[in-house]
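Worksheet: one structure, shown below.
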Amino acid sequence: MPVYCITGTNRGLGLEFVRQLAQSNDNTIIAAVRSLSSDLTDLKAVASPTTHILECDTGNIPSIHTFVKAVARTLGEGKKIDYLLNVAGVNLASSQSSLNLGPDELHAQLSINVIGPAKTVELFLDAGLLSPDVRVLNMTSGLASLQLSTQSARKCAGYSISKAALNMLTVHQSADLRAQLPGAVVIVMDPGWVKTRMGGAGAQMEPSKSIGDMLVVLHGLRPEDTGSFYCHNGEKLPW
Ligand SMILES: NC(=O)c1ccc[n+]([C@@H]2O[C@H](COP(=O)([O-])OP(=O)(O)OC[C@H]3O[C@@H](n4cnc5c(N)ncnc54)[C@H](OP(=O)(O)O)[C@@H]3O)[C@@H](O)[C@H]2O)c1
(Lines give C-alpha, C1' and ligand atoms only; values in the text may rest on other atoms or scores of the structure.)
Protein backbone atom coordinates (compact mmCIF):
# COMPACT_ATOMS: atom_id res chain seq x y z
CA MET A 1 0.00 0.00 0.00
CA PRO A 2 2.29 2.85 -1.13
CA VAL A 3 1.39 6.32 0.14
CA TYR A 4 1.47 9.22 -2.32
CA CYS A 5 1.19 12.84 -1.19
CA ILE A 6 0.58 15.35 -3.99
CA THR A 7 0.08 19.12 -3.86
CA GLY A 8 -2.02 21.17 -6.30
CA THR A 9 -4.45 18.40 -7.22
CA ASN A 10 -7.68 20.22 -8.07
CA ARG A 11 -6.60 20.71 -11.71
CA GLY A 12 -3.80 20.34 -14.20
CA LEU A 13 -0.90 17.96 -13.63
CA GLY A 14 -1.69 17.31 -9.96
CA LEU A 15 -5.21 16.21 -10.91
CA GLU A 16 -3.79 13.88 -13.58
CA PHE A 17 -1.43 12.29 -11.03
CA VAL A 18 -4.46 11.53 -8.84
CA ARG A 19 -6.46 10.22 -11.81
CA GLN A 20 -3.76 7.74 -12.79
CA LEU A 21 -2.79 6.67 -9.27
CA ALA A 22 -6.44 6.28 -8.22
CA GLN A 23 -6.84 3.46 -10.75
CA SER A 24 -5.52 1.19 -7.97
CA ASN A 25 -7.02 1.07 -4.50
CA ASP A 26 -3.62 -0.21 -3.36
CA ASN A 27 -2.43 3.40 -3.57
CA THR A 28 -3.19 5.63 -0.60
CA ILE A 29 -3.35 9.16 -2.01
CA ILE A 30 -3.18 12.39 -0.03
CA ALA A 31 -4.54 14.89 -2.56
CA ALA A 32 -3.75 18.41 -1.36
CA VAL A 33 -5.62 21.46 -2.63
CA ARG A 34 -4.96 25.12 -1.98
CA SER A 35 -8.46 25.62 -0.62
CA LEU A 36 -11.20 23.16 0.26
CA SER A 37 -13.63 25.92 -0.74
CA SER A 38 -12.49 25.73 -4.39
CA ASP A 39 -14.45 23.82 -7.00
CA LEU A 40 -13.23 20.25 -6.39
CA THR A 41 -15.67 18.55 -8.78
CA ASP A 42 -12.97 17.21 -11.12
CA LEU A 43 -10.85 15.90 -8.25
CA LYS A 44 -13.77 14.20 -6.52
CA ALA A 45 -14.72 12.60 -9.84
CA VAL A 46 -11.35 10.84 -10.18
CA ALA A 47 -10.72 10.11 -6.47
CA SER A 48 -10.63 6.48 -5.30
CA PRO A 49 -11.90 5.21 -1.93
CA THR A 50 -8.28 5.46 -0.75
CA THR A 51 -7.91 9.13 -1.78
CA HIS A 52 -8.01 11.75 0.98
CA ILE A 53 -8.54 15.38 0.01
CA LEU A 54 -6.83 17.81 2.40
CA GLU A 55 -6.05 21.53 2.34
CA CYS A 56 -2.52 22.89 1.84
CA ASP A 57 -1.74 26.39 0.63
CA THR A 58 1.92 25.99 -0.26
CA GLY A 59 2.39 29.76 -0.19
CA ASN A 60 1.38 29.90 3.46
CA ILE A 61 3.62 28.27 6.08
CA PRO A 62 0.92 27.99 8.81
CA SER A 63 -1.24 26.16 6.26
CA ILE A 64 1.62 23.69 5.61
CA HIS A 65 1.93 23.09 9.39
CA THR A 66 -1.80 22.38 9.63
CA PHE A 67 -1.62 20.12 6.58
CA VAL A 68 1.21 18.01 8.03
CA LYS A 69 -0.83 17.45 11.22
CA ALA A 70 -3.88 16.51 9.14
CA VAL A 71 -1.80 14.03 7.11
CA ALA A 72 -0.51 12.42 10.34
CA ARG A 73 -4.11 11.99 11.57
CA THR A 74 -5.26 10.66 8.21
CA LEU A 75 -2.48 8.09 7.81
CA GLY A 76 -2.58 6.92 11.42
CA GLU A 77 0.14 5.34 13.53
CA GLY A 78 3.20 4.06 11.70
CA LYS A 79 2.19 4.94 8.13
CA LYS A 80 4.57 7.14 6.18
CA ILE A 81 4.76 8.88 2.82
CA ASP A 82 6.55 6.90 0.10
CA TYR A 83 6.16 9.47 -2.69
CA LEU A 84 5.98 13.22 -2.04
CA LEU A 85 5.09 15.09 -5.22
CA ASN A 86 5.45 18.88 -4.96
CA VAL A 87 3.38 19.82 -8.00
CA ALA A 88 1.61 23.05 -6.97
CA GLY A 89 3.11 26.05 -8.72
CA VAL A 90 2.38 29.42 -10.29
CA ASN A 91 3.64 31.34 -13.29
CA LEU A 92 2.73 34.94 -12.57
CA ALA A 93 3.30 37.87 -14.92
CA SER A 94 4.79 35.80 -17.73
CA SER A 95 5.31 38.92 -19.85
CA GLN A 96 7.82 40.35 -17.36
CA SER A 97 11.48 40.20 -18.37
CA SER A 98 14.62 40.65 -16.31
CA LEU A 99 14.37 44.37 -17.08
CA ASN A 100 10.93 44.93 -15.57
CA LEU A 101 10.58 42.33 -12.80
CA GLY A 102 7.71 43.00 -10.42
CA PRO A 103 8.92 42.47 -6.84
CA ASP A 104 5.47 41.37 -5.65
CA GLU A 105 5.13 38.77 -8.39
CA LEU A 106 8.67 37.48 -7.81
CA HIS A 107 8.09 37.20 -4.07
CA ALA A 108 4.84 35.29 -4.64
CA GLN A 109 6.53 32.86 -7.04
CA LEU A 110 9.43 32.26 -4.65
CA SER A 111 6.96 31.71 -1.84
CA ILE A 112 4.82 29.14 -3.68
CA ASN A 113 7.38 27.53 -6.02
CA VAL A 114 10.38 27.35 -3.66
CA ILE A 115 9.58 27.99 0.01
CA GLY A 116 6.46 25.80 -0.25
CA PRO A 117 8.34 22.63 -1.35
CA ALA A 118 11.15 23.43 1.12
CA LYS A 119 8.83 23.70 4.12
CA THR A 120 6.68 20.76 3.01
CA VAL A 121 9.72 18.44 3.02
CA GLU A 122 11.12 19.94 6.23
CA LEU A 123 7.88 19.69 8.21
CA PHE A 124 7.07 16.15 7.01
CA LEU A 125 10.60 15.09 7.99
CA ASP A 126 10.28 16.72 11.42
CA ALA A 127 6.95 14.94 11.93
CA GLY A 128 8.55 11.57 11.11
CA LEU A 129 6.19 11.12 8.17
CA LEU A 130 8.73 10.43 5.39
CA SER A 131 9.51 6.77 4.72
CA PRO A 132 13.21 5.80 4.93
CA ASP A 133 13.39 5.51 1.13
CA VAL A 134 11.01 8.32 0.26
CA ARG A 135 10.94 9.62 -3.33
CA VAL A 136 10.50 13.40 -3.50
CA LEU A 137 9.60 14.95 -6.86
CA ASN A 138 9.82 18.72 -7.15
CA MET A 139 8.04 19.83 -10.31
CA THR A 140 10.30 22.21 -12.18
CA SER A 141 10.40 23.49 -15.76
CA GLY A 142 12.77 23.46 -18.70
CA LEU A 143 12.82 27.23 -18.18
CA ALA A 144 14.79 26.56 -14.97
CA SER A 145 17.81 25.34 -16.93
CA LEU A 146 20.56 27.96 -17.05
CA GLN A 147 22.19 26.18 -19.96
CA LEU A 148 19.03 25.89 -22.05
CA SER A 149 18.08 29.50 -21.25
CA THR A 150 21.27 30.82 -22.76
CA GLN A 151 20.26 29.19 -26.05
CA SER A 152 16.68 30.39 -26.33
CA ALA A 153 14.66 33.57 -26.07
CA ARG A 154 13.99 34.70 -22.50
CA LYS A 155 10.44 34.72 -21.25
CA CYS A 156 8.71 34.30 -17.89
CA ALA A 157 11.76 35.74 -16.10
CA GLY A 158 10.39 35.63 -12.54
CA TYR A 159 9.00 32.12 -13.01
CA SER A 160 12.32 30.88 -14.46
CA ILE A 161 14.24 32.40 -11.55
CA SER A 162 11.93 30.70 -9.04
CA LYS A 163 12.22 27.31 -10.76
CA ALA A 164 16.02 27.63 -10.98
CA ALA A 165 15.93 28.23 -7.21
CA LEU A 166 13.75 25.12 -6.85
CA ASN A 167 16.41 23.16 -8.74
CA MET A 168 19.08 24.33 -6.32
CA LEU A 169 16.79 23.57 -3.38
CA THR A 170 16.48 20.02 -4.74
CA VAL A 171 20.25 19.54 -4.85
CA HIS A 172 20.46 20.67 -1.23
CA GLN A 173 17.48 18.55 -0.15
CA SER A 174 19.00 15.45 -1.76
CA ALA A 175 22.15 15.85 0.33
CA ASP A 176 20.43 16.98 3.52
CA LEU A 177 17.75 14.28 3.49
CA ARG A 178 20.33 11.55 2.84
CA ALA A 179 21.98 12.48 6.13
CA GLN A 180 18.79 11.49 7.96
CA LEU A 181 17.10 9.07 5.56
CA PRO A 182 19.86 7.13 3.75
CA GLY A 183 17.48 5.71 1.12
CA ALA A 184 15.81 9.02 0.22
CA VAL A 185 15.85 10.20 -3.41
CA VAL A 186 15.00 13.80 -4.35
CA ILE A 187 14.70 14.89 -7.98
CA VAL A 188 13.36 17.70 -10.15
CA MET A 189 11.32 16.96 -13.27
CA ASP A 190 10.24 19.07 -16.22
CA PRO A 191 6.81 17.80 -17.30
CA GLY A 192 7.26 19.13 -20.84
CA TRP A 193 4.88 21.66 -22.37
CA VAL A 194 1.52 20.31 -21.29
CA LYS A 195 -2.10 21.31 -21.96
CA THR A 196 -3.19 22.68 -18.60
CA ARG A 197 -4.34 26.14 -17.54
CA MET A 198 -0.67 27.07 -17.11
CA GLY A 199 0.56 25.39 -20.28
CA GLY A 200 -2.35 26.68 -22.38
CA ALA A 201 -4.39 25.00 -25.10
CA GLY A 202 -1.55 25.35 -27.62
CA ALA A 203 0.82 23.16 -25.59
CA GLN A 204 2.40 20.06 -27.13
CA MET A 205 1.35 17.26 -24.81
CA GLU A 206 -1.70 15.85 -23.06
CA PRO A 207 -1.45 15.59 -19.27
CA SER A 208 -2.06 11.81 -19.51
CA LYS A 209 1.18 11.33 -21.52
CA SER A 210 3.32 13.62 -19.34
CA ILE A 211 2.17 12.06 -16.08
CA GLY A 212 2.28 8.50 -17.45
CA ASP A 213 5.91 9.09 -18.42
CA MET A 214 6.76 10.68 -15.07
CA LEU A 215 5.31 7.78 -13.08
CA VAL A 216 7.52 5.36 -15.01
CA VAL A 217 10.59 7.44 -14.13
CA LEU A 218 9.48 7.89 -10.51
CA HIS A 219 8.95 4.17 -9.98
CA GLY A 220 12.32 3.33 -11.54
CA LEU A 221 14.43 5.69 -9.43
CA ARG A 222 17.55 4.20 -7.85
CA PRO A 223 19.43 5.64 -4.85
CA GLU A 224 22.18 7.02 -7.08
CA ASP A 225 19.63 9.07 -9.06
CA THR A 226 19.12 11.52 -6.22
CA GLY A 227 19.78 15.17 -7.07
CA SER A 228 19.00 14.69 -10.79
CA PHE A 229 17.14 16.96 -13.23
CA TYR A 230 14.90 14.92 -15.55
CA CYS A 231 12.57 15.52 -18.41
CA HIS A 232 9.21 13.70 -18.15
CA ASN A 233 10.53 10.90 -20.40
CA GLY A 234 13.54 10.18 -18.20
CA GLU A 235 16.14 12.08 -20.23
CA LYS A 236 18.58 14.04 -18.08
CA LEU A 237 18.43 17.81 -18.60
CA PRO A 238 21.38 20.19 -18.24
CA TRP A 239 21.39 22.42 -15.17
N1 LIG B 1 1.83 22.84 -17.90
C2 LIG B 1 3.08 23.00 -18.30
O3 LIG B 1 3.36 23.07 -19.51
C4 LIG B 1 4.19 23.08 -17.30
C5 LIG B 1 5.50 23.18 -17.79
C6 LIG B 1 6.56 23.23 -16.89
C7 LIG B 1 6.31 23.13 -15.53
N8 LIG B 1 5.03 23.03 -15.07
C9 LIG B 1 4.86 22.93 -13.62
O10 LIG B 1 3.97 21.88 -13.30
C11 LIG B 1 3.26 22.17 -12.09
C12 LIG B 1 1.77 22.03 -12.33
O13 LIG B 1 1.42 22.95 -13.35
P14 LIG B 1 0.05 22.86 -14.15
O15 LIG B 1 0.40 22.94 -15.58
O16 LIG B 1 -0.79 21.75 -13.63
O17 LIG B 1 -0.57 24.28 -13.72
P18 LIG B 1 -2.07 24.73 -13.44
O19 LIG B 1 -2.98 24.04 -14.36
O20 LIG B 1 -2.02 26.21 -13.43
O21 LIG B 1 -2.32 24.18 -11.95
C22 LIG B 1 -1.58 24.70 -10.89
C23 LIG B 1 -1.98 24.00 -9.62
O24 LIG B 1 -1.21 24.54 -8.55
C25 LIG B 1 -2.11 24.92 -7.53
N26 LIG B 1 -1.61 26.03 -6.73
C27 LIG B 1 -1.25 27.28 -7.12
N28 LIG B 1 -0.90 28.03 -6.06
C29 LIG B 1 -1.03 27.23 -4.97
C30 LIG B 1 -0.81 27.41 -3.60
N31 LIG B 1 -0.42 28.58 -3.08
N32 LIG B 1 -1.05 26.36 -2.76
C33 LIG B 1 -1.45 25.16 -3.25
N34 LIG B 1 -1.70 24.93 -4.54
C35 LIG B 1 -1.48 25.96 -5.39
C36 LIG B 1 -3.38 25.32 -8.26
O37 LIG B 1 -4.47 25.37 -7.34
P38 LIG B 1 -5.64 26.50 -7.49
O39 LIG B 1 -6.51 26.05 -8.63
O40 LIG B 1 -6.33 26.47 -6.18
O41 LIG B 1 -4.97 27.80 -7.77
C42 LIG B 1 -3.45 24.20 -9.27
O43 LIG B 1 -3.95 23.03 -8.68
C44 LIG B 1 3.69 23.59 -11.69
O45 LIG B 1 4.68 23.50 -10.70
C46 LIG B 1 4.26 24.16 -12.98
O47 LIG B 1 5.21 25.16 -12.74
C48 LIG B 1 3.97 23.01 -15.93
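The values are calculated or read from the model by the stated rules, or taken from the named source; none is laboratory data. Just so it is clear, the structure is predicted and the values come from calculations on it, not from any experiment. Backbone-built Cβ (ideal geometry, glycine too); neighbour counts: all protein chains shown. These area figures cover heavy atoms from the full protein model, side chains too; ligands, DNA and RNA do not enter into them. Shrake-Rupley method; radii C 1.70, N 1.55, O 1.52, S 1.80 Å.
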>> Under the rule of at least 5 residues apart or a separate chain, name every residue whose amide H is placed under 5 Å from the amide H of Tyr230.
In response: Val188, Met189, Asp190, Leu237
> Where does region 1-123 land on Rg/Rh, using Cα atoms and the Kirkwood Rh?
Replying inline: 1.01
> If you wrap the chain's Cα atoms in a convex hull and average its projection over all directions, what's the area in nm²?
Replying inline: 12.3 nm²
> Taking the mean number of other Cβ atoms within 10 Å as a proxy for protection, how do you rank 20-31, 67-78 from highest to lowest?
Replying inline: 20-31, 67-78
> Roughly how many whole Å is it from the C-alpha centroid of region 42-79 to that of region 177-239?
Replying inline: 22 Å
> Which value, in Å² and to the nearest 10, is the accessible area of Met168 when all protein chains are kept and the probe is 1.4 Å?
Replying inline: 110 Å²
>> Whole-Hz ³J(HN,Hα) for each residue in region 107-120, computed from phi via Karplus 6.51 cos²θ - 1.76 cosθ + 1.60 with θ = phi - 60°, x for glycine and proline: what do you get?
In response: 4, 5, 5, 5, 5, 7, 7, 10, 5, x, x, 5, 6, 4
>> Rounded to the nearest 20 debye, what is the charge dipole size of the chain about its Cα centre when +1 sits on each Lys and Arg Cβ and -1 on each Asp and Glu Cβ?
In response: 220 debye
>> Could you derive backbone 3J(HN,Hα) for region 158-169 from the dihedral phi with the Karplus parameters 6.51, -1.76 and 1.60 (θ = phi - 60°), listing whole Hz in sequence and x where the residue is Gly or Pro?
In response: x, 4, 4, 4, 5, 6, 5, 5, 4, 4, 5, 4
>> I'd like the carbon and sulfur percentage of the solvent accessible area for region 6-83, probe radius 1.4 Å, heavy atoms only, ligands and nucleic acids excluded.
In response: 46 percent
> How many percent of DSSP beta bridges within the chain run antiparallel, rounded to 5?
Replying inline: 5 percent
>> If you count only protein heavy atoms with a 1.4 Å probe, what accessible area per residue comes out for the chain, rounded to a whole Å²?
In response: 46 Å²
>> Taking amide H atoms as placed 1.01 Å from N in the peptide plane, list the residues 5 or more away in sequence, or in a different chain, whose amide H sits under 5 Å from that of Thr51.
In response: Ile29
>> Given the options Phe229, Cys56, Gly202, identify the residue whose Cα lies farthest towards the positive end of the charge dipole of the chain (+1 on Cβ of Lys, Arg; -1 on Cβ of Asp, Glu).
In response: Gly202
>> Can you compute 3J(HN,Hα) from phi for each residue in region 3-11, using the Karplus curve 6.51 cos²θ - 1.76 cosθ + 1.60 with θ = phi - 60°, rounded to whole Hz and x for Gly and Pro?
In response: 10, 10, 10, 10, 9, x, 9, 7, 7
> Taking amide H positions as placed 1.01 Å from N in the peptide plane, with prolines and chain starts having none, which residues 5 or more places from Arg34, or on another chain, fall under 5 Å of its amide H?
Replying inline: Gly8, Thr9, Asn10, Cys56
